[in-house]
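Here the structure is laid out as structure tokens; the discussion comes afterwards.
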């Protein structure tokens, strides 16, 4: 496993564009266009390459649970001044989700240490911070937040 990129097993690579680039796997113009089309739909991309060639472009879209928008609306109604999304998802996906949920600021394509750095920056500028995470990779940021 390569943090923030994907996994490698023999001549099989499964991950993101960074992984393929790092292994000098070039995409054709047609493949690049297909990848961008999937991204523009707000999906996270998983690429599969074998023997040095891209074989599959797979788009994954998370469904936003209905209660999330209600919860964020309640937080804002109760004084939450600014909502910021820190995500490992691509920029287009992150912006689509943020728009749907009314989130003020988006930071995308982040590794766990990037999220923790941004949380630290917010805290050092005097902000009180609540952090909601959905995985073990969010542990550093959860630990840094005032409310996690």
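Ordered by the count of other Cβ atoms within 10 Å of each Cβ, fewest first, 87, 93, 28 give 28, 87, 93.
With the radius of gyration and the Kirkwood radius both derived from the Cα set of the chain, what is their ratio Rg to Rh? Spell out each step's value before the answer.
Numbers: Rg = 17.4 Å, Rh = 16.9 Å.
With Rh from the inverse mean 1/r over Cα pairs, Rg/Rh is 1.03.
Its convex hull of Cα atoms gives region 1-70 a direction-averaged projected area, equal to a quarter of the hull surface, of 5.5 nm².
Rg/Rh for region 66-144 (Cα atoms only, Rh after Kirkwood) is 0.94. The angle separating the long axis of helix 112-124 from the principal Cα axis of greatest extent in the chain is about 30 degrees.
Springs join every pair of Cα atoms under 10 Å in this Gaussian network model of the chain, and among 86, 27, 13 the largest mean-square fluctuation is at 27. Taking label points 7 Å from Cα along the Cα-to-Cβ direction, residue 8 and residue 48 give a separation of 2.0 nm. Relative to the longest principal axis of the Cα atoms of the chain, helix 91-101 runs at roughly 30 degrees. Using only Cα atoms, tell me the angle between helix 66-77 and the longest principal axis of the chain; keep it within 0 to 90° and round to the nearest 10. Helix 66-77 sits roughly 40 degrees off the main axis of the chain. Taking a point 7 Å out from the Cα of residue 22 in the direction of its Cβ, the residues of region 111-148 whose backbone N falls within less than 19 Å of it are 111-116, 137-138. Of 37, 63, 121, the residue with the greatest mean-square motion in the GNM of the chain, using alpha carbon springs below 10 Å, is 63.
Helix content alone sets the calculated 222 nm mean residue ellipticity of the chain: runs of n ≥ 4 DSSP H residues at -39500 (n - 2.57) each, divided across all residues, give -12000 deg cm²/dmol.
Any read-out appearing in this document is the output of simple, stated calculations on the displayed coordinates, not a laboratory observation. Values in this document were obtained by computation on a predicted structure and should not be read as measured data. We place every Cβ from the backbone using ideal geometry, glycine too, and count neighbours over all the protein chains shown.
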